[in-house]
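Just so it is clear, none of the values below were taken in a lab; they were calculated from the coordinates. Worth saying up front: this structure is predicted, and the values here are computed from it rather than measured. Please note: Cβ atoms are built from the backbone with ideal geometry, for glycine as well, and neighbour counts cover all protein chains shown.
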Ligand code: FMN
């Protein structure tokens, strides 16, 4: 039950393997999620590229997008074979592209389909199968409809739900607007936990500090942080100690970079562009002296052909110079 106490949300284009490897330098315990991967990509795509990850990222959950039980089952089995610690079904993403494939948030209107997927996935693999949903969609946003959804999917064997505490509008709002405009309703998710005490219920949406996470944990089993963990990864610095009661892996941002550098060097020598790794750490120094110099140095130099780890080292030197200057002033 402890496993979901704190996690970082699945975010397309953001939580790729490089991002996750870096976040793992900041917290050993926080559970990490992949970007959403469609069943089509898993079944027919380049699996090394789509599913490859480092053991050091564990625990990592693979998030799948799809609605065909048979395809979901095959994709889940493949994900489990690749070593993912959990398979999560996306029932929260409202984008058009996703709707036309009939998966994501539109499936909140089809609890039986989600239940069939969960049952098939559970039969096909040994790792836990979880669901990430919203609290409702469009005009189908009554508490009774949400309860019916959870009931049906739990009946199929899903015992862990991560609930983004706002509804989604399937038309009229962009995915980005759908993360900002519908109001957050934490009370609805708290009520779910009271009504389904035997289920593991984690909350997501608008949580931007460990203080806020701890406040949620008074009501719920888990908290999932999305944008803040990406834009300000240092928010996780005290997570292992405060949320899991263990020492964390690092004491400073500099330690986190030192942990990342050997990985960056190894991947550079395999031809991975520096910028595709360092783009995920631009916010590391958010709100401390040197933050702007760090971000700008990486943004301007990391994408140059041939850029290597020295660019990252130089960015850190700029931060240290700024701190030194502040101290001297
Ligand atoms: N949610 C998913 O379930 N699957 C995704 O692939 C996914 N991609 C996202 C990409 C971006 C860039 C962002 C900002 C969000 C994405 N989300 C996705 C939604 C997040 O998982 C999360 O539910 C949402 O951002 C609310 O949490 P937050 O307020 O802590 O950011």
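Extension gain, residue 329-residue 272: 0.36 nm per intervening residue step, less the Cα-Cα distance, totals 16.5 nm.
A viscosity of 1.567 mPa s and a temperature of 4 °C, combined with the Kirkwood radius over C-alpha pairs in the Stokes-Einstein formula, give the chain a diffusion coefficient of 63 µm²/s.
Placing R0 at 41 angstrom, the Cβ-Cβ distance between residue 82 and residue 321 gives a FRET efficiency of 0.45 after rounding to 0.05. Our estimate of slack between residue 144 and residue 43, defined as 0.36 nm per intervening residue step minus the Cα-Cα distance, is 32.8 nm. Put simply, the C-alpha atoms of the range 191-329 give a gyration tensor, and the ellipsoid matching it has half-axes of 34, 18, 13 Å, longest first.
The ranking of 117, 125 from fewest to most other beta carbons within 10 Å of each one's beta carbon is 125, 117. For the range 51-153, the alpha-carbon coordinates run over 43, 26, 22 Å along the three principal axes, in decreasing order.
Our estimate of slack between residue 13 and residue 292, defined as 0.36 nm per intervening residue step minus the Cα-Cα distance, is 98.2 nm. The value of relative contact order for the chain, using C-alpha pairs under 8 Å at least six residues apart, is 16 percent. Extents of the range 129-263, largest first, come to 49, 36, 27 Å (Cα atoms, principal axes, whole angstrom).
The calculated FRET efficiency for the pair residue 112 and residue 159, based on their C-beta separation and a Förster distance of 22 Å, comes to about 0.75. Rounded to the nearest 0.05, the FRET efficiency derived from the C-beta distance between residue 196 and residue 171 at R0 = 22 Å is 0.15. Sorted on the mean count of surrounding Cβ atoms within 10 Å across their residues, most packed first, peptides 254-262, 65-73 read 65-73, 254-262.
Counted by neighbouring Cβ atoms within 10 Å, the residues 32, 184 run from fewest to most as 184, 32. Helices in the chain, meaning DSSP H runs of at least 4 residues, each add -39500 (n - 2.57). Divided by all residues, the mean residue ellipticity at 222 nm is -13500 deg cm²/dmol.
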